[in-house]
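Okay, so here's the structure we're looking at.
The values are calculated or read from the model by the stated rules, or taken from the named source; none is laboratory data. Note that the structure is predicted; figures quoted are calculated from it, not measured. Cβ: placed from backbone, ideal geometry, glycine included. Neighbour counts: every protein chain shown.
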């Protein structure tokens, strides 16, 4: 006799540890199997794009800290690069190297969170996270040394960085570079060799290279599917064209491979930071913004507010989560006419339904963990 | 380095295949006619020497007299980037064809543009509000939407709601 069943709806979130913030996953289930997945977001929507249209270009830098608050440096960097593109500013060499070093330190810290929280999602409650936080703390200490803040850094400036690093910074980085490689090995054993994590993540949430590209997935997720696409290599910005590193690529495109890629990227980040320490040139850290660089000669200028010439710019970088882009339109006024953030966390969620239909509820948690969303960046 | 395919170049290619499809071409991007948008997008996605398979960013811009949808498209295989746009002058109910069938990655981005700017993407599989709730009045990213409460305009002398004449924002 056939058993009469009906679909059952489960809300995961908005307040749930596996959603990494206020985000709701609405799953329709047939028994334990997912037949539909819908995402409900906007709980952290602060309308940053509208806010930014009413503030000056410099005032908008702190907003970019608060979109992706796990990786504020890369948010800063993408935005200032877009403004520099708009105004044709040449950034001094030392500032470019500082930006590269800071972005890589940030990538290390951000991947630490991604990997640690993933262990959380797999059921290893809090202990692995604390291991990762131990190393992330040291990087935050470095940020505090460089710019006085730990999380919302506001370090990059249009034309450079806010200030040069203090004397004790480079020795501290060198000391960290001695400690961290063994820690990465430790993570690798702890995570990738763990039987439970392998059982939970192998073959789950698979995206083929074609699916990943078609769904605009970027960052470690795209590379895990076997597409060697890294904007640091493909379109080098800052000083990435002068450093040597490899693109970490996966093969299967499943949840497990995404973490293989992230752990491999930890090693590559350390390699880049080491080269930055060795090759950092001396010199100024901020370009001099004259009215002529930001305004066509012959037009009236307001000296205190940056007024980029009429036009538009799209700048993108490889943030820890993927391709982070800023699209700015200037009408010649001190505030951007349009300020759009192409946020990787948000767009990487596009294939969420594709990945989770047919899987179980427990898999959906792991799949969401592997996207590594930051809700501040999803909702903006 | 990523090679930028300028609006002029991409317009030339599209114009050869679909005469009359281009409205305007400037180096920053080519403006297409809405009717031929899907054909042109499919063409640049499948053409062997373009292969624009990765929709990087899709966003709407309120140009005061019109709405513009801006597409930044990348070719991962050939390391290219280009920019296309579509304009609509209907401010009451702006309509633009959805490119979800060409690039599924447009799905959430079109929902965002619909939610915040009120641009209807025809043919979108699931066009609903995404950040704001159903029934939210208006579309906040439009320029004629009321200013944010709390005195957010730069250069204001005082907060809105305080006594005094009409507020003058920055020029």
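Key figures
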quantity: Criterion violated by residue B:150 - all others in (1) at pLDDT 60 or above; (2) farther than 30 Å from residue A:209 by Cα satisfied; calculated: (1)
quantity: Subset of region A:30-63 [over 25 Å from residue B:126 (Cα atoms) and without any contact (Cβ under 8 Å) to a residue 40 or more places away in the chain]; calculated: A:31, A:51, A:59, A:63
quantity: Qualifying residues in region A:37-70 (those that are within 11 Å of chain B (Cβ to nearest Cβ) and farther than 30 Å from residue A:160 by Cα) - the one farthest from the chain's Cα centre (by Cα); calculated: A:38
quantity: Members of region A:195-230 that are outside any loop (DSSP other than H, G, I, E, B) and free of Cβ contacts under 8 Å to residues at least 24 places away in the same chain; calculated: A:195, A:199, A:210, A:213, A:214
quantity: Sole exception among (1) modelled with pLDDT of 85 or more; (2) in contact with a helix residue (DSSP H, G or I) (Cβ under 9 Å, 6 or more places away or on another chain) for residue B:46, by number; calculated: (2)
quantity: Those residues of region B:80-98 which are within 11 Å of chain A (Cβ to nearest Cβ) and either in a helix (DSSP H, G or I) or closer than 14 Å to residue B:35 by Cα (or both), in sequence order; calculated: B:85
quantity: Filtered residue count, region A:191-236, keeping only those that are closer than 21 Å to residue A:74 by Cα, within 14 Å of another protein chain (Cβ to nearest Cβ) and out of contact with any strand residue (DSSP E or B) (no Cβ under 6 Å at 6 or more places or on another chain); calculated: 10
quantity: Odd one out for residue A:167 among (1) more than 19 Å from the chain's Cα centre (by Cα); (2) part of a loop (DSSP other than H, G, I, E, B); (3) within 14 Å of chain B (Cβ to nearest Cβ); calculated: (3)
quantity: Residue match in region A:231-246 (condition: buried (at least 24 other Cβ atoms within 10 Å of the Cβ), part of a loop (DSSP other than H, G, I, E, B) and within 17 Å of the chain's Cα centre (by Cα)); calculated: no
quantity: Filtered residue count, region B:100-111, keeping only those that are in contact with a strand residue (DSSP E or B) (Cβ under 8 Å, 6 or more places away or on another chain) and either more than 11 Å from chain A (Cβ to nearest Cβ) or not in a loop (DSSP other than H, G, I, E, B) (or both); calculated: 3
quantity: Unique match (being assigned to a strand (DSSP E or B), farther than 18 Å from residue A:379 by Cβ, more than 14 Å from chain B (Cβ to nearest Cβ) and touching a residue at least 60 places away in the same chain (Cβ under 8 Å)) among A:96, A:27; calculated: A:27
quantity: Filter result for the condition that a residue is touching a helix residue (DSSP H, G or I) at 6+ places or on another chain (Cβ under 9 Å), more than 14 Å from chain B (Cβ to nearest Cβ), over 23 Å from residue A:121 (Cα atoms) and modelled with pLDDT under 90, over A:161, A:243; calculated: A:161
quantity: Count of residues meeting criterion [assigned to a loop (DSSP other than H, G, I, E, B) and away from chain A (no Cβ under 12 Å)] in region B:118-143; calculated: 7
